Every structure is written in structure tokens, then in C-alpha cells.
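Enquirer: Take this structure first; my questions come after.
Read-outs: derived from the displayed coordinates by stated rules, not from any lab. All of these numbers come straight from a predicted model, not from anything done at the bench. Glycine gets a Cβ as well: all are built from the backbone with ideal geometry, and neighbour counts include every protein chain shown.
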Amino acid sequence: MTYKTTGGFTLMEILMYLVIVGILSSIVMSAIIVARESGIDTGIKANLAQIRTEATNFFDSNGNFGTPGVSCAEVGSLFEDERIARQILSAETASGRPATCANSATDWVISVPLQHEAGSWCVDEQGTGRSGTANTATIECE
């Protein structure tokens, strides 16, 4: 008995191709998800860095950081400034969790939980921008 060979692929070869494509696509998708989450954390950090600039402008205009308090909604504090409040809201929206804020007449601190990395990102009046939380008693990042 003789068999005729044709130039096509066998069923096994096609199945192996599909398995390989499936594995590669799952690797690419997981890398895309990690990159997206890292981008969200970078956005949170950028929003908090912008607050540092806006807080300096607030101090230059008012001579202090407003009414002392331990809330991001403290009446009369720098956190109620429209530009600063917008940055806080953007960071909270990206994080999905609330910010922690505190200020005195001469100092301020704010931290927002990160979404992908562990912990929170904290910035304060002293120029600190690092992983940590806002200490509302000492008004600094810890």
C-alpha cells in the first residue's frame, strides 16, 4: 500500500502551534497588566510631587499653610486649595483609597496608598518623597 504525501500540516502540529501561541499570549498579557498597575502608582507619585510645588505657591501667597489640622478636608488648610485638592482627588481616585493629610502653620504631610507596590507614597514640606506613611502627630513622613 502506498500513501500519498501532501504539503499540509498534521493535526498534531496545528495543536502544538495553538498551545505555544496560547502560552506566549498569557505571558504578554500578564506583563501588560503589571505595566499598567505600575503606571497607576507612577501617576499617584506624580500627583503628590505636584502638591509639593502647589504647597510652596500656597505658602508664598499666604505666609503659612493655613489652619492646622489632620484632615485632607480641614477648613482653611492648604489641602482646600483648588489645585492641591484636585491633585489629592486624582491620587485617591487612582489608588482607590483615601489620603492621609496633616498640616501646621509651617509644615504639611500627605500620603496615599499605592495600588501595585506595597505600602504608601508620602511627601512632606521638607522635600521628602518616598515610600512611607504620613505621621499626623509629627507632620512628617515616616
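Enquirer: Which trypsin sites (Lys or Arg not before Pro) does segment 1-90 hold that lie in a coil by DSSP with at most 13 other beta carbons within 10 Å? Numbers along the way, then the final one.
Expert: Details: sites: 4, 36, 45, 52, 83, 86; in loops: 4.
Passing sites in segment 1-90 are 4.
Enquirer: When each pair of different Cα atoms in segment 52-110 is counted once in the 1/r mean, what is the Kirkwood radius in angstroms, to one decimal? The partial results should precede the final answer.
Expert: Working: mean 1/r = 0.0886 Å⁻¹.
For segment 52-110, inverting the mean 1/r across all distinct Cα pairs yields 11.3 Å.
Enquirer: By per-residue mean of other Cβ atoms within 10 Å, what is the highest-first order of 109-115, 125-131, 66-72, 25-31?
Expert: Numbers: 109-115: 24.3, 125-131: 13.9, 66-72: 17.3, 25-31: 10.0.
Packing proxy ranking, top to bottom: 109-115, 66-72, 125-131, 25-31.
Enquirer: Ignoring chymotrypsin sites (Phe, Trp or Tyr not before Pro) that are buried or in helix or strand per DSSP, and keeping those with at most 14 other beta carbon atoms within 10 Å, what is the longest stretch of the chain between them? Write out the running numbers ahead of the final one.
Expert: On the way: sites that count: 3, 9.
In the chain, the maximal stretch lacking such sites is 10-142.
Enquirer: By how many degrees, 0 to 90 and rounded to 10, does the Cα axis of helix 11-62 deviate from the longest principal axis of the chain?
Expert: 10 degrees
Enquirer: Still on this structure: Quote the relative contact order of the chain in percent (integer), defining contacts as alpha-carbon pairs under 8 Å separated by 6+ residues. All intermediate terms of the calculation are to be shown ahead of the outcome.
Expert: Numbers: 232 pairs, mean separation 27.2, N = 142.
About 19 percent, as a whole number.
Enquirer: For the chain, set up a Gaussian network in which alpha carbons nearer than 10 Å are linked by springs, and say which option among 11, 24, 89 fluctuates the most.
Expert: 11
Enquirer: Here is a further query. Nearest 10 degrees is fine. How inclined is helix 82-95 to the longest principal axis of the chain, computing both from alpha carbons?
Expert: Computed tilt is about 40 degrees.
Enquirer: Shifting gears a bit: Go from 0 up to the bin containing the longest alpha carbon distance in the chain, width 5 Å each, and give me the % of pairs per bin.
Expert: 2, 10, 17, 17, 12, 7, 5, 4, 4, 4, 4, 3, 3, 3, 2, 2, 1, 1, 0, 0
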